[in-house]
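Please read the structure below before turning to the comments.
Read the figures in this text as sums done on the coordinates, not as results from a lab. Quick caveat: nothing in here was measured; it's all calculated off a predicted structure. Note that each Cβ is placed from the backbone with ideal geometry, even for glycine, and that neighbours are counted across all protein chains shown.
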Amino acid sequence: MARKFFVGGNWKCNGTTEEVKKIVSTLNAGDVPSQDVVEVVISPPFVFLPVVKSSLRSDFHVAAQNCWIKKGGAYTGEISAEMLVNLEIPWVILGHSERRSLLGESSEFVGDKVAYALSQGLNVIACIGETLEQREAGSTMAVVAAQTKAIAERITDWTKVVLAYEPVWAIGTGKVATPAQAQEVHFELRKWLQANVSPQVSASTRIIYGGSVSGGNCKELAAQPDLDGFLVGGASLKPEFIDIIKSAEVKKSA
Ligand code: PGA
């Protein structure tokens, strides 16, 4: 079953009005494969979502970096899934490790958020990944399986979910997982989905990699059979993001 290559650009908490304009014009001028080959989703901070959405080329889409766990109301500082839907923001990133570690978001909390966002019609980039300590202790698979299970227990429809495997030790560190390390976890995750959700979901769900992806390392990673794209942080703010989008071609010719 074909899984369309997916490249997400997670701007995190970066950008000024001027910088946003510049990044969007670079993206708009980028010569990239067609929408049949690659799905591109740009995730600026909330405050820039409307301007990015209205100025971005129509073959790229936008994502929020978070949303609230249930219907909006008296939750100061939160943004509800309903608001994203209202603004026609089609995607949301949930469970990023920076939120898990800095803000204490548990796997259960993330699972509830994923379920709620899906119930409102959003597409979700759900992030999972182990810390260096967990990897060195040999518990990588147990950790990512538990994080995935907390999502799988709460949802039935996986068609709007992209699973982002982002080893915490590789995020923002310049220390990218080797293609073999990434492939191993992606393969195991697919096996986990097959055994615990369904063979169909395992075959069709995109599992993307995140953590120090760059213009230099993307092609080799993209060539791995169970790797269906990237969630890019730092490099998504730079012109090399175009090269990362282009790495989708590696799959086409595979
Ligand atoms: P990075 O971030 O590419 O800067 O390592 C990836 C992410 O956190 O999504």
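Couple of notes before you dig in:
- Evaluating 6.51 cos²θ - 1.76 cosθ + 1.60 at θ = phi - 60° for every residue in the range 115-125, the Karplus couplings come out as 4, 5, 4, 5, 4, 8, x, 7, 8, 10, 9 Hz, glycine and proline recorded as x.
- Here the extension length gained between residue 252 and residue 157 equals 31.5 nm, from 0.36 nm per residue of separation less the Cα-Cα distance.
- Highest-MSF residue in the chain out of 228, 157, 36 [GNM, Cα springs under 10 Å]: 36
- Between amide H atoms placed 1.01 Å from N, distances below 5 Å from residue 164 occur with 126, 127, 128, 208, all of them 5 or more places distant or on a separate chain.
- Interchain or long-range residues, amide H under 5 Å from residue 9's placed H: 41, 42, 43, 232
- The range 215-254: translational diffusion in µm²/s, Stokes-Einstein, Kirkwood Rh over Cα pairs, 10 °C, 1.306 mPa s: 156 µm²/s
- When only the Cβ of Lys, Arg, Asp and Glu is charged (+1, +1, -1, -1), the dipole of the chain relative to its Cα centre reaches about 240 debye.
- Cα-based shape type of the range 98-137, given that a ≥ b ≥ c are square roots of the gyration tensor eigenvalues and the cut on a/c is 1.5: prolate
- Value of [θ]222 nm, deg cm²/dmol, for the chain, DSSP H segments ≥ 4, -39500 (n - 2.57) each, nearest 500: -11000 deg cm²/dmol
- Exceedance of the 27 Å cut-off in Cα-Cα distance is limited, within the set 71/238; 12/70; 53/149, to 71/238; 53/149.
- Rounded, prolate or oblate (a/c below 1.5 giving rounded, otherwise prolate when a/b exceeds b/c) for the range 1-76 by Cα gyration tensor: oblate
- Were the residues from residue 70 through residue 85 laid out at 0.36 nm apart, the gain over their Cα-Cα distance would be 4.1 nm.
- Scoring 131-144, 52-65, 83-96 by mean Cβ neighbours within 10 Å over their residues and listing the highest first yields 83-96, 52-65, 131-144.
- Rounded to 5, percent antiparallel among DSSP beta bridges of the range 1-150: 0 percent
- For the pair residue 194 and residue 149, label points projected 7 Å from Cα toward Cβ lie 2.0 nm apart.
- Difference of contour (0.36 nm per residue) and Cα-Cα distance, residue 28 to residue 175: 50.0 nm
- For the chain, the fraction of alpha-carbon pairs in successive 10 Å shells from zero, as %: 7, 34, 39, 18, 2, 0
- 5 angstrom amide H check on residue 213, placed H, neighbours 5+ away: 233
- Taking Cβ atoms as reference points and 11 Å as the exclusive limit, the residues near residue 183 contribute a net charge of -3, counting Lys and Arg as +1 and Asp and Glu as -1.
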